[in-house]
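My questions will all concern the structure given below.
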Amino acid sequence: MSKKILTVISQNNFTEYECILFFKESFNLKIDSSVPLSETAIQMFLDGYDDQKTSHIKKILESKKVDFCLQDQSNQKFKALLCDMDATVIQNETLDDLVKITGAKTNVDQTSKLAMEGKIDLITTLKTRVDLLKGHSKSLIDKVLEGIKFNSGGDILVKTLNNMGYITSLITGGFKPISSYVGDKLGFQNIISNEFEFDNNNCFTGNYIPITGEKNSKFKYMERLSSEKNIPFSDMVAIGDGSNDLEMLKHAGLGIGYHAHDIIKNNIENQIIFNDLTSVLYFLGIKKQDFAK
């Protein structure tokens, strides 16, 4: 038995009374107190929570298209946000978009999907896709930038946490200058990514400079940030969707899967499936009235 914070986010309006009654009657939860965060979100402070109830709660809430987050009451003092880019803050898989523009005869969507699910080696597939860009003009990047679609709520998420003193980092297996464009648009303080190499004619060489040159590069950045800023992992929030995010999410004080692949859904308890990126703010107990405009 433990003390937990349960945050729920619905797509429909509800009252505090209706919500508490539902959770008491449906799951026999002992709710000490609650804080409405908006007309669609609420935090409840639970006493004597039985972890064996989680799978049942998950099943019922998913059937009702309600996102939820369970956290220990002891850790609510977060200081840093680490966020994936492709298919997290934007809808695109930007390297795949680049390869498609070249007209290369390869199924990059399938390759990328298998890599994100952890079924094939990500570094190898990354190198293979970058190879396909060799000899093509750097100007292809402009076409990718024109097609970028931002996921709802990302700008509010980053601006709000910046205002609250968080260190915000966009950490991606994608590439500069695309990552710089996305990061600057959303207001991230730090942008960490791979970087393309270009020749004297401004064409892709087929080579790139990796984030760290090591496996689990996002986690390696997390370790560096922790050391440089003296922030323990428990004070970090991390968001991502694929296999290269897994170690980062597992070690964060609050790891969140966002419309994620199965490898993340199966290993990370807290997921955003039905709502947008502002859900992260609700998970942190921030009221809608305090969101950055």
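The values are calculated or read from the model by the stated rules, or taken from the named source; none is laboratory data. All values reported here derive from a predicted model rather than from experimental measurement. Glycine also receives a Cβ, built like all others from the backbone with ideal geometry; neighbour counts cover every protein chain displayed. With ligands, DNA and RNA removed, areas are computed over all heavy atoms of the protein, side chains included. Shrake-Rupley method; radii C 1.70, N 1.55, O 1.52, S 1.80 Å.
Give me, ordered by chain and number, the residues 5 or more places off residue 258 or on other chains with an amide H under 5 Å from its own placed amide H.
For residue 258, the qualifying residues are 240, 241, 272.
Top mean-square fluctuation among 282, 181, 17, Gaussian network model of the chain, C-alpha springs under 10 Å?
Of 282, 181, 17, the most mobile in the Gaussian network model is 17.
Tell me the mean residue ellipticity at 222 nm calculated for the chain from its helices only (DSSP H runs of n ≥ 4, each -39500 (n - 2.57), averaged over every residue, nearest 500).
-10000 deg cm²/dmol
Measure off, as a whole percent, the carbon and sulfur share of the 1.4 Å-probe accessible area of segment 172-293, all protein chains present.
39 percent
Next up: Measuring with a 1.4 Å probe in the full set of protein chains, what accessible area per residue, in whole Å², belongs to segment 205-293?
Using a 1.4 Å probe on heavy atoms only, each residue of segment 205-293 averages 42 Å².
Here's a follow-up. Return the carbon/sulfur percentage of the accessible area of segment 1-74, one whole number, probe 1.4 Å, all protein chains in place.
Percent of accessible area from carbon and sulfur atoms in segment 1-74: 48.
³J(HN,Hα) across segment 134-150 via Karplus (A = 6.51, B = -1.76, C = 1.60, θ = phi - 60°), whole Hz, x for Gly/Pro?
Per-residue couplings from phi come out as 3, x, 8, 5, 4, 4, 4, 4, 4, 5, 5, 4, 5, x, 5, 10, 7 Hz.
Still on this structure: Measure nothing but the geometry: give the 0 to 90° angle between the long axis through the Cα atoms of 54-63 and the longest principal axis through the Cα atoms of the chain, rounded to 10°.
70 degrees
With a sphere of radius 12 Å drawn around the Cβ of residue 275, what net charge do the other residues whose Cβ falls strictly inside it have (Lys, Arg +1; Asp, Glu -1)?
-1
Further, regarding this structure: Put +1 on the Cβ of each Lys and Arg and -1 on the Cβ of each Asp and Glu in segment 236-293; which of 240, 270, 291 then has its Cα farthest toward the positive end of the dipole?
The one lying farthest along the dipole's positive direction is 291.
Could I ask something else about it? Taking θ = phi - 60°, what integer Hz values does the Karplus form 6.51 cos²θ - 1.76 cosθ + 1.60 yield along segment 273-278, in sequence order, with x for Gly and Pro?
10, 10, 10, 9, 5, 5
Can you list the lysines whose alpha carbon sits under 25 Å from that of residue 79, skipping same-chain ones fewer than 8 residues off?
Correct list for residue 79: 3, 4, 159, 185, 218, 220, 229, 250, 265, 287, 288, 293.
Follow-up question, since we're still on this one. In degrees between 0 and 90, to the nearest 10, how far off the longest principal axis of the chain does helix 154-163 point, with axes built from Cα atoms?
The angle comes out at about 70 degrees.
Also: Would you grab the residues whose amide H sits under 5 Å from the one on residue 80? Only those 5+ places off in sequence or on another chain, please, with H modelled 1.01 Å from N.
Distant-sequence amide H within range of residue 80: 167, 237.
May I pose another question? Around residue 30, which amide H atoms from residues at least 5 apart in sequence, or from another chain, sit under 5 Å from its own amide H, with H modelled in the peptide plane?
47
Oh, and also: What is the dipole size for the chain, taken about its Cα centre, with +1 at each Lys and Arg Cβ and -1 at each Asp and Glu Cβ, in debye to the nearest 20?
40 debye
Can you work out ³J(HN,Hα) from phi for every residue in segment 175-183, in order, using Karplus 6.51 cos²θ - 1.76 cosθ + 1.60 and θ = phi - 60°, giving whole Hz and x for Gly and Pro?
Result, ordered by residue: 10, 6, x, 5, 4, 5, 4, 5, x Hz.
Continuing with this model, one more query. Could you point to the label whose value was computed as Kirkwood radius over Cα pairs in Å for the structure here, given (i) 20.1; (ii) 23.1; (iii) 20.6?
Here Kirkwood radius over Cα pairs in Å agrees with entry (i).
Antiparallel versus total DSSP beta bridges in segment 163-293: what percent is that, nearest 5?
Counting only bridges with both partners in segment 163-293, antiparallel ones make up about 20 percent.
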